Amino acid sequence: MKGYHGKILVADLTKGILTDEPLNEKYAQDFLGSTGLAARYLFDMVDEKTDPLGPDNPLILMPGLLNGTSGPSVSRWGGVTKSPYTGHYADANAGAWFGAEFKNAGYDGIILKGKSPKPVYIFIRDGVAEIKDASHLWGKDTSQTQQEIKKEYADNRVQVACIGPASENLVLYGNIMSEYSHCLGRAGLGCVMGSKKVKAIAVRGKMKLPMQDPEKFREAAHQAMAEVKDGFLSLIMHDTGTSGWVDSAIAYGDGPTNYYTAPTMQESTNISGVSQLEQFQVGNTACYGCPISCRKVLQIKEGKHLYERVEGPEYETIIAWGAMMGLNLDMSTIVYINELCNGYGFDTISSGASAGYAYYLYGLGIISEKDTGGLKLNWGNVDAAIDLVQLIGKNEGFGAVLAGGTKRMAKKYGRPPGEAVQTKGLEFPMHDPRAYHSMALVYATAPRGADHNKSDGYQVDGGTGHPDLGLNAGDRWGDDKAEMVVKSQNFRALTDSLGICHFAQVPFVPLLEMINSATGWNTDMDKLLKTGERVFQLQRALSCKLGISAKDDVMPELAMRPIPDGGQEGHVPNIEKMLPEYYAIRDWNKATGKPSRARLEGLGMKEIAIAIGAQ
């Protein structure tokens, strides 16, 4: 089949055996690549009884369909597993250069099974894979690990996806890191990799991807590249990156502060994208094939922590490890915290939210210095926050409590339901649903738990929806968001599977031409958007197979309390209105939360409907 290499690498880590297996071509055509295709493989391999940290739980990593091609911003690759953090479906995707190099190394994916008796890493070059000893790498941070592997092969173009000490120590929201600061984050894929004693996967290749019509693909890619480069969102992201959202967060009340109890901190502007651009930025970096170059290279000459060249923190990290705890940070400190989190290799959103919850409980008198190991968690205590980063990475002391996340913390301290701000065990990202009501629906229904990357809700109502998708900015406090959320979720399921960055607004005409000229298919945009729906409904079905039901599609009470001051102006989303409307469009059962049998069969997934007992 054109557009694919036609084989998957399967690693039996228990036996130390690597096997090439033919790509399931029907799965590929129905689910494309990355997290879509990987989820279809995962569906056949896990159930409610699967131990997330046991040898039977696979970790599946796959490039997007367009990774490694000359298309614009096609760097995103992904992974799936059963989450050790939430206990159900987990996926993640990342950019940088690993996905493209993985594709050029000759495989359409890798499935890690079993558990190695000792630390190992897997090296793939031009269609040949081998298992290598990683005892000398165990214990090293993610930056050191990547540098060491590149040195071993005397090739700086070797791309490495690895874990750090956090995942070795089984921190449940451990990440898989590549290019030092790009991560497969949130739901613990790195922790699963650590449980299997796999330190890294390294790839290098020059294998040409077979295409149906390479010349027509190049023409379409050239057109798409020009359109993306001049796009409105591209220009914004080039100048300020995701950290540019800080200023909008302050204006609209979008940045959670003092654990969802206060207006967004005005002081956060000190570390915003604009501040970075004006005071610290010395360059940009880009992911594979990307004309946007949204990542920022900073030079920090003032403060406690100095850097000649360092990649700047993303928006989520700035708020999670800043305003969430009421911290008035300078650029030196937030960069230092970001570097620590990346070096240890753990999720900044869940860790920052867990730390923020600890500050909140400390302020209520629920926990004390006796619980925290002597740390005084008063709002604004920066030194205590830095200590918590170190403790989380080591999974030691009070850090081990935070490493379990807010849902476990609430249970440990006997707190009321709805106080821990999470859905399905996954903490909210740093977009407050009281600022953009659509995000309440996004968080309640996303397959892996609260997830801003499964929809463009806040971007659409912020004025940057995709021009060809037919979604226009509306009242951010409106509660008629079901149709918009469904449409954007389907679209993001599609672009994730293709490997396209969310910031690249690729016009539909060249996008369709790229896909058809690569694969030889004769598809159209209606069919592609239906593929997006198929992927999303599959991921929902997989969540249901692993124990999720309608009762889990809820919003925590603490994040639904009105904040009259600041950009939220006292608004609260009406989830009771939005959710039934959403269920009706999705055709989900009101009691079980499962997609209907008719909807799944209409999407060509009769076997999925039977497997989950859909009605």
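All of the numbers you see were taken from the coordinates with simple rules; none came from a lab. Keep in mind that this is a model prediction, so the values were computed, not measured. Cβ atoms come from the backbone with ideal geometry, glycine included; neighbour counts cover every protein chain shown.
For region 289-373, which trypsin sites (Lys or Arg not before Pro) are in a loop by DSSP, counting at most 16 other Cβ atoms within 10 Å? Please report the intermediate quantities before stating the final value.
Details: sites: ARG295, LYS296, LYS301, LYS304, ARG309, LYS370; in loops: LYS301, LYS304.
The qualifying sites are LYS301, LYS304.
Where the centre of each part is set by its Cα atoms, how far does region 562-611 sit from region 301-349, in angstrom?
For region 562-611 versus region 301-349, the Cα centre distance is 35 Å.
Just the number, please: Stokes-Einstein D of region 426-612 in µm²/s, Kirkwood Rh from C-alpha pairs, 37 °C, 0.692 mPa s. Intermediate values should be presented prior to the final figure.
On the way: Rh = 17.2 Å.
It diffuses with D of about 191 µm²/s by this estimate.
Bin by bin, in steps of 10 Å, what percent of the Cα pairs in region 262-410 do you find, going until the bin that has the longest distance?
Final binned percentages: 11, 40, 32, 14, 2, 0.
Multiply the residue separation of GLN144 and ALA591 by 0.36 nm, subtract the distance between their alpha-carbon atoms, and state the gained length in nm to one decimal. Write down the numbers at each step before the final one.
Details: separation 447, 0.36 × 447 = 160.92 nm, distance 4.93 nm.
Net length gain for the segment: 156.0 nm.
Give me the extension gain from LYS15 to GLU601: residue separation times 0.36 nm, minus the current Cα-Cα distance, reported in nm with one decimal. Present the calculation step by step, with values, prior to reporting the outcome.
Details: separation 586, 0.36 × 586 = 210.96 nm, distance 3.86 nm.
Taking LYS15 through GLU601 to full extension adds about 207.1 nm, to one decimal.
Might you report the magnitude of the Cβ-based charge dipole of region 7-204 about its Cα centre, with Lys and Arg at +1 and Asp and Glu at -1, to the nearest 20 debye?
Working: 22 positive and 22 negative charges, 62 e Å.
In total the dipole reaches around 300 debye.
When DSSP assigns beta bridges and you keep just the ones with both residues in region 7-204, what percent turn out antiparallel, to the nearest 5? If you can, show how the numbers build up before the last one.
Details: 34 of 44 bridges.
That works out to approximately 75 percent antiparallel.
Give a residue-ordered list of calculated ³J(HN,Hα) values for region 427-434 (Karplus: 6.51 cos²θ - 1.76 cosθ + 1.60, θ = phi - 60°; whole Hz; x for Gly, Pro).
Coupling constants for region 427-434: 5, 4, x, 8, 10, 6, x, 6 Hz.
Say R0 is 56 Å: what FRET efficiency, to the nearest 0.05, do GLU215 and LYS370 get from their beta-carbon distance? Can you show the working numbers first?
Working: r = 70 Å, r/R0 = 1.25.
Plugging the Cβ-Cβ distance into 1/(1 + (r/R0)^6) gives 0.20.
Find me the longest stretch of the chain that has none of the exposed GluC sites (Glu not before Pro), where exposed means in a DSSP loop (not H, G, I, E or B) with at most 16 other Cβ atoms within 10 Å.
Working: sites that count: GLU48, GLU302, GLU396, GLU569.
By the stated rule (loop sites, at most 16 other Cβ atoms within 10 Å), 49-301.
Past 23 Å, Cα to Cα, is the threshold; run LYS150/LYS304; LYS216/LYS527; LYS197/LYS407; LYS113/LYS151; LYS113/LYS530; LYS113/LYS545 against it and keep the listed order. Could you put the intermediate results ahead of the total?
Details: LYS150/LYS304 31 Å; LYS216/LYS527 21 Å; LYS197/LYS407 27 Å; LYS113/LYS151 28 Å; LYS113/LYS530 31 Å; LYS113/LYS545 20 Å.
Correct reply: LYS150/LYS304; LYS197/LYS407; LYS113/LYS151; LYS113/LYS530.
With θ set to phi - 60° and the Karplus curve 6.51 cos²θ - 1.76 cosθ + 1.60, what are the ³J(HN,Hα) couplings of region 24-30 in order, to the nearest whole Hz, using x for Gly and Pro?
Going residue by residue, I get 6, 5, 5, 4, 5, 5, 7 Hz, with x marking Gly and Pro.
When only DSSP loop residues count, what trypsin sites (Lys or Arg not before Pro) in region 15-75 have their Cβ near at most 11 other Cβ atoms within 10 Å? Please report the intermediate quantities before stating the final value.
Values: sites: LYS15, LYS26, ARG40, LYS49; in loops: LYS15, LYS49.
Taking region 15-75 and a limit of 11 other Cβ atoms within 10 Å, the loop trypsin sites (Lys or Arg not before Pro) found are LYS15, LYS49.
Please compute the volume of the convex hull spanned by the alpha-carbon atoms of region 7-204 and report it per residue in Å³.
Details: hull volume 20.1 nm³, N = 198.
Per residue, the Cα convex hull of region 7-204 comes to 102 Å³.
Could you list SER354, SER332, SER268 so that the one with the fewest beta carbons within 10 Å of its beta carbon is first and the one with the most is last?
Values: SER354 28, SER332 19, SER268 24.
Lowest count first: SER332, SER268, SER354.
Estimate the FRET efficiency between ALA400 and SER70 by the formula 1/(1 + (r/R0)^6), using the beta-carbon distance for r and 56 Å for R0, to the nearest 0.05. It would help to have the intermediate numbers written out before the result.
Values: r = 47 Å, r/R0 = 0.83.
That pair, ALA400 with SER70, gives E of 0.75.
Tell me, what ³J(HN,Hα) does each residue in region 385-392 have, in order and in whole Hz, if you take phi through Karplus 6.51 cos²θ - 1.76 cosθ + 1.60 with θ = phi - 60° and put x for Gly and Pro?
Computed from phi, the couplings for region 385-392 are 4, 5, 4, 5, 4, 5, 5, 5 Hz.
Please give the length that would be gained between MET1 and GLU308 if that part of the chain were fully extended, namely 0.36 nm times their separation in residues minus their C-alpha to C-alpha distance (nm, one decimal). Write down the numbers at each step before the final one.
Numbers: separation 307, 0.36 × 307 = 110.52 nm, distance 4.75 nm.
Answer, rounded to one decimal: 105.8 nm.
Could you put TYR260, TYR413 in order, starting from the residue whose Cβ has the fewest other Cβ atoms within 10 Å?
Ranking TYR260, TYR413 by Cβ neighbours within 10 Å, fewest first, gives TYR413, TYR260.
How far apart, in nm, are the 7 Å Cα→Cβ label points at GLU576 and MET207?
So the label points at GLU576 and MET207 sit 5.7 nm apart.
How far is the Cα center of region 147-184 from the Cα center of region 237-272, in Å?
The two parts, judged by their Cα centres, are 29 Å apart.
What does the charge dipole of the chain about its Cα centre add up to, to the nearest 20 debye, if the Cβ of each Lys and Arg holds +1 and the Cβ of each Asp and Glu holds -1?
On the way: 63 positive and 71 negative charges, 350 e Å.
It works out to roughly 1680 debye.
Specify which residue in the list GLY205, ALA226, VAL192 is farthest towards the positive end of the charge dipole of region 170-227, using unit charges on the beta carbon of Lys, Arg (+1) and Asp, Glu (-1), about the Cα centre.
The Cα lying farthest towards the positive end belongs to VAL192.
So, with +1 on the Cβ of K and R and -1 on the Cβ of D and E, and no other charges, what is the size of the charge dipole of region 137-232 about its Cα centre, to the nearest 20 debye?
On the way: 14 positive and 11 negative charges, 72 e Å.
Dipole magnitude for region 137-232 comes out near 340 debye.
Among ILE111, ILE349, which comes first, second and so on when ranked by fewest other beta-carbon atoms within 10 Å? Working shown, then result.
Numbers: ILE111 20, ILE349 25.
The fewest-first ordering by Cβ neighbours comes to ILE111, ILE349.
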